[in-house]
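K.L.:
Below is a structure I'd like to ask you about.
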């Protein structure tokens, strides 16, 4: 069974600027209290299909996890997708950048499956992750509109 999310937010910036921000996600500092403790691009060169990242996230108090991801779709400025695994899960993350009025409708779709001992906690993870994902989109909007 997978945990699925579909979220969207309107950002008063062009699709190419929004795309560039998420493409270069490893270059921006994390906000205080972010669950992402470290995010590193481990593939040299420009971002594209096959680019790999490693991030360390605070999953629960005193429990950190490492997540490895790889870009699987790279179509500027419309699509950016990646597969990820680690910290007891596998999943897929998709961003679609749609021009709307004087900005961009950013659509995020994500699914993940918990593995091993985490499987019984799917409903808890869904409840905890949903507001975090929405907060992250709102942070992206705030950063992009303030820059």
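K.L.:
Scan the stretch 109-126 residue by residue and report those that are under 21 Å from residue 8 (Cβ atoms) and at pLDDT 90 or above.
P.N.:
Here is the first cut: in the stretch 109-126, the ones under 21 Å from residue 8 (Cβ atoms) are 109-112, 126.
Once the filter is applied, which keeps residues that are under 21 Å from residue 8 (Cβ atoms) and at pLDDT 90 or above, the stretch 109-126 yields 109, 110, 111, 112.
K.L.:
Turning to a different aspect of this structure: Return the pair list, or none, for Cβ contacts closer than 6 Å from residues in the stretch 8-20 that are in contact (Cβ under 8 Å) with a residue 40 or more places away in the chain to residues that are part of a helix (DSSP H, G or I), at least 6 apart or on different chains.
P.N.:
Qualifying pairs under 6 Å: 9/137; 9/141; 11/18; 11/141; 11/144; 12/145; 13/144.
K.L.:
Can you go through 17, 9 and tell me which one is assigned to a helix (DSSP H, G or I), touching a helix residue (DSSP H, G or I) at 6+ places or on another chain (Cβ under 7 Å) and at pLDDT 95 or above?
P.N.:
17
K.L.:
Then there's this: If you scan the stretch 73-96, which residues turn out to be outside any strand (DSSP E or B) and at pLDDT below 95?
P.N.:
Passing the criteria: 87, 88.
Here's the yes/no breakdown for (1) over 27 Å from residue 21 (Cβ atoms); (2) buried (at least 17 other Cβ atoms within 10 Å of the Cβ); (3) touching a residue at least 40 places away in the same chain (Cβ under 8 Å):
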| residue | (1), (2), (3) |
| --- | --- |
| 90 | no, no, no |
| 95 | no, yes, yes |
| 104 | no, yes, yes |
| 115 | yes, no, no |
| 122 | yes, no, yes |
| 127 | yes, no, no |
| 130 | no, no, yes |
| 133 | no, no, yes |
| 140 | no, yes, yes |
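K.L.:
Continuing with the same structure: Would you tally the residues in the stretch 28-72 being outside any strand (DSSP E or B), touching a residue at least 24 places away in the same chain (Cβ under 8 Å) and farther than 23 Å from residue 147 by Cβ? Show your work before the answer.
P.N.:
Of the residues in the stretch 28-72, the ones outside any strand (DSSP E or B) are 28-35, 42-51, 61-62.
With the extra rule that they be touching a residue at least 24 places away in the same chain (Cβ under 8 Å), the set shrinks to 28, 31, 35, 47-49.
Keeping just the survivors that are farther than 23 Å from residue 147 by Cβ gives 48-49.
Looking only at that region, the number is 2.
K.L.:
Considering only residues that are in contact with a strand residue (DSSP E or B) (Cβ under 8 Å, 6 or more places away or on another chain) and under 18 Å from residue 16 (Cβ atoms), look in the stretch 60-88 and name the one that is surrounded by the most Cβ atoms within 10 Å (Cβ to Cβ).
P.N.:
By that ranking, first place goes to 80.
K.L.:
Hey, another quick one. I'd like to know if the stretch 97-116 contains one or more residues that are in a loop (DSSP other than H, G, I, E, B) and within 15 Å of the chain's Cα centre (by Cα).
P.N.:
Step one: list which residues in the stretch 97-116 are in a loop (DSSP other than H, G, I, E, B), which gives 101-102, 115.
When the remaining residues are screened for being within 15 Å of the chain's Cα centre (by Cα), the result is none.
Scanning the stretch 97-116, I find no residue that is in a loop (DSSP other than H, G, I, E, B) and within 15 Å of the chain's Cα centre (by Cα), so the answer is no.
The values are calculated or read from the model by the stated rules, or taken from the named source; none is laboratory data. Nothing here was measured: the structure is a model prediction, and the numbers come from that model. For neighbour counting, all protein chains shown are included, and Cβ atoms are generated from backbone atoms with ideal geometry for every residue, glycine included.
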